[in-house]
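Here's the structure we're looking at; comments come further down.
Laboratory data are not the source of any read-out in this text; all were calculated from the coordinates shown. Predicted model only: the values in this text are computed from it and were never measured. Neighbour counts run over all protein chains shown; Cβ positions are idealised from the backbone, glycine included.
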Amino acid sequence: MGGEARVMALRPEAEESDEVAVVPAARSLRVLPLAALDRVGVVLVSHSARVAESVAELAVELLGTGDPGPLATAGGDGDGRVGTSTALVLAAAKRADQGMGVAVVADLGSAVTAVQVVLASAEANGLPFPLRLADAPFLEGAVAAVATASAGGDLAAVVEAAEDAYVVRKL
């Protein structure tokens, strides 16, 4: 993960010739990796690095495409302990940025506060614009945000999907 992303597109396989005037229906298709651009990044902020990474891993696994889009985590205090770090949030936002904005989903109180501190000084820190904090449940919001961003949703749609996770009932 760590901000890496791939976009795959199906293209007809070319013959030996560079000319492809007609693509027969029976021609096989191959998958070509393309530059990952124009997708909203997602940052997951947790008090625990292991929790942030596990939630990111679960979201990617549930997505099932192998192409989660730009996704980064910021967990713990930076010294391997439970806590939060504005420096880690800042670095994760920069890793996830592809120019279309970054949606942030945070777990609890001081993680939210750390993101708000970063947002307050976003321009001074050279953060991607726009950067939005979703008011969302951490696990369900993360899964919804990753799925929507991976499908090409804009920043408003990614944040809305994360926030809509509050209304999804389990029973």
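Set the Förster distance to 22 Å, then compute FRET efficiency between residue 91 and residue 164 from the Cβ-Cβ distance, nearest 0.05. Each step should come with its number before you reach the end.
Details: r = 28 Å, r/R0 = 1.28.
For residue 91 and residue 164, the calculated efficiency is 0.20.
Figure the gain on full extension for residue 120 and residue 157 (residue separation times 0.36 nm, minus the Cα-Cα span) and round it to one decimal in nm.
On the way: separation 37, 0.36 × 37 = 13.32 nm, distance 2.25 nm.
Gain on extension, residue 120 to residue 157, equals 11.1 nm.
Place the peptides 69-76, 50-57 in order of packing, highest mean first, counting for every residue the other Cβ atoms within 10 Å and averaging per peptide. Can you show the working numbers first?
Values: 69-76: 26.5, 50-57: 19.0.
My ranking of the peptides, most packed first, is 69-76, 50-57.
Convert 4 °C to kelvin, take the viscosity as 1.567 mPa s, use the Kirkwood radius over C-alpha pairs of the stretch 87-137 as Rh, and evaluate the Stokes-Einstein diffusion coefficient in µm²/s, rounded to a whole number.
Numbers: Rh = 10.9 Å.
It diffuses with D of about 119 µm²/s by this estimate.
May I have the convex hull volume per residue, in Å³, for the Cα set of the stretch 37-167?
On the way: hull volume 11.2 nm³, N = 131.
So the per-residue hull volume is 86 Å³.
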